[in-house]
1. What tally of residues in the stretch 320-360 results from selecting those that are of a type in the set (Gly, Ala, Ser), crowded, with 21+ Cβ neighbours inside 10 Å and more than 19 Å from Lys283 (Cβ to Cβ)?
2. Does any residue in the stretch 37-61 that is over 13 Å from Arg367 (Cα atoms) and in a helix (DSSP H, G or I) come within less than 8 Å, Cβ to Cβ, of a residue that is open to solvent by less than 50 Å² (accessible area, probe 1.4 Å) and of a type in the set (S, T, N, Q) six or more places away or on a different chain, and which pairs are these?
3. Considering only residues that are open to solvent by less than 20 Å² (accessible area, probe 1.4 Å) and small (Gly, Ala, Ser), which ones fall in the stretch 449-464?
4. Quick one: is Ala414 of a type outside the set (Lys, Arg), open to solvent by less than 50 Å² (accessible area, probe 1.4 Å) and under 30 Å from Thr73 (Cβ atoms)?
5. Looking only at residues in the stretch 225-255 that are part of a loop (DSSP other than H, G, I, E, B) and aliphatic (A, V, I, L, M), which one is most open to solvent (accessible area, probe 1.4 Å)?
6. Based on what the data block shows, is Arg76 open to solvent by 40 Å² or more (accessible area, probe 1.4 Å), among the basic types (Lys, Arg) and touching a His at 6+ places or on another chain (Cβ under 8 Å)?
7. Out of Ala299, Ala258, I need the residue that is within 26 Å of Leu467 (Cβ to Cβ) and crowded, with 17+ Cβ neighbours inside 10 Å. Which one?
8. If a residue counts only when it is within 30 Å of Arg417 (Cα to Cα), which helices (runs of 4 or more DSSP H) contained entirely in the stretch 84-199 have at least 1 such residues?
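The values are calculated or read from the model by the stated rules, or taken from the named source; none is laboratory data. Bear in mind that the values here come from a model prediction, so they are computed numbers and not experimental data. Counting neighbours? That spans all protein chains shown, and the Cβs are built from the backbone with ideal geometry, glycine included. Note: accessible area is taken over every heavy atom of the protein model, side chains too, but ligands, DNA and RNA are not part of it. Shrake-Rupley method; radii C 1.70, N 1.55, O 1.52, S 1.80 Å.
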Amino acid sequence: MSEQSRRPRKPAKPYRRPQKDPVRILAFEALRAVDERDAYANLVLPPLLRKAREKGDFDARDAALATELVYGTLRRQGTYDAVVSACVDRPLREVDPPVLDVLSLGVHQLLGTRIPTHAAVSASVELARVVLGDGRAKFVNAVLRKVAQDDLDGWLAKVAPPYDEDPEDHLAVVHSHPRWIVSALWDSLGGGRAGIEELLEADNERPEVTLVARPGRATTEELLREDAAVAGRWSPYAVRLAEGGEPGAVEAVREGRAGVQDEGSQLVALALANAPIDGPDEKWLDGCAGPGGKAALLAALAAERGAALLASEKQPHRAGLVAKALHGNPGPYQVIAADGTRPPWQPGSFDRVLMDVPCTGLGALRRRPEARWRRRPEDLDNFAPLQRALLRTALDSVRVGGVVGYATCSPHLAETRAVVADVLKQYPEAELIDARPLLPGLPTLGEGPDVQLWPHLHGTDAMYLALIRRTG
């Protein structure tokens, strides 16, 4: 009998069931929905949280952690991918997407939160055991232990190219934006390192929840009575909720008398409503009204003046959302499902027209961080014909002496000034008017006459607005 065969065998380790962590399992499910179904986290996460609360698995702290894990991971995905790439022996595209989601959640806990290193690694490995199995959990453990050897600054020094050698790629890795978006935003800002870094940093911050008190239905004074509510910065109808504030807990929001709306969107509607026009002021149009936030504010403002709003939206289900937002408006309004490029109304029918056109949404990356990874440069070419067609419809729809507001939630020059300049070449009987005086108190509005808002300068989404008067 050999020496080896006489040696007593070690008893096998008893199998230990993986510990289920409801918070991290929910965060993983949300990331999978974003990846597999092209869903948006702001639509996927609330029902998941609501279901978890109903089951009794979650309290407010659990919900806050799950929200931070999901949004933090999505915002920093580009940076974390660069870090993981440095810790694996294969291209990232060869790592199964569910494994990559667990790794990204783990890296965010290690590099983007105050969760202790041992807890971040062990919790991520347990998650991997539950959702991936023991085999792939070992891979997750090995990668995360490599990541844990340095902090975020240390990793950025390793994986980001020096700024002097490749400024755009450096900013893309450090601030977790695709390179083409960094380049586009930089062009829109007009150059300078400080401005682009401040903007990219602002894109990675959690945005405040901002409410709008719809005139004639709610007041800011009513909303300010809510816990942790403070006045908006710029809009007289805006109220901000402190971190953790839940809009659904606000009675006026539940009743539709107030809504969730970024101040940038409120300012666009207010500027159009307050623009000087010649002649009557009775008929207003929102030509791309879905999902209804600006339409609800415009309808309320119109009602105060005895004017009526027509809200038009091409997609029937989105027209339904518009109707819900406008329900209870104190004045006359109408909601229709219609293609804005083939309008059913007669030319020259309106005194004021808002055309907030479909776009890449690069101005709302704080709220939809996954959009930065989903969008492609070719999307600009797909939107361009529609944006121009809708602006032409707006100019055809307004009467002589009336005003059109062209708006986008994108600062990309191809979606803003390029569209306006191209269309105005076909309309010598239209002129840009200065929008800046209609946004009183806002700093750094540029040379005009159009306005570009910025997260880092104004605390709003990066909304663009050009006001155009029909002169003939």
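1. Residues flagged as of a type in the set (Gly, Ala, Ser), crowded, with 21+ Cβ neighbours inside 10 Å and more than 19 Å from Lys283 (Cβ to Cβ) within the stretch 320-360 amount to 1.
2. Close Cβ pairs (under 8 Å, with a partner that is open to solvent by less than 50 Å² (accessible area, probe 1.4 Å) and of a type in the set (S, T, N, Q)) amount to Leu49/Thr67.
3. The one that is open to solvent by less than 20 Å² (accessible area, probe 1.4 Å) and small (Gly, Ala, Ser): Ala462.
4. For Ala414, the condition - of a type outside the set (Lys, Arg), open to solvent by less than 50 Å² (accessible area, probe 1.4 Å) and under 30 Å from Thr73 (Cβ atoms) - is met.
5. My answer is Ala228.
6. Yes, satisfied.
7. Only one candidate passes the filter, namely Ala299.
8. Because the criterion is at least 1 residues that are within 30 Å of Arg417 (Cα to Cα), the helices (runs of 4 or more DSSP H) in the stretch 84-199 that meet it are 167-175, 179-189.
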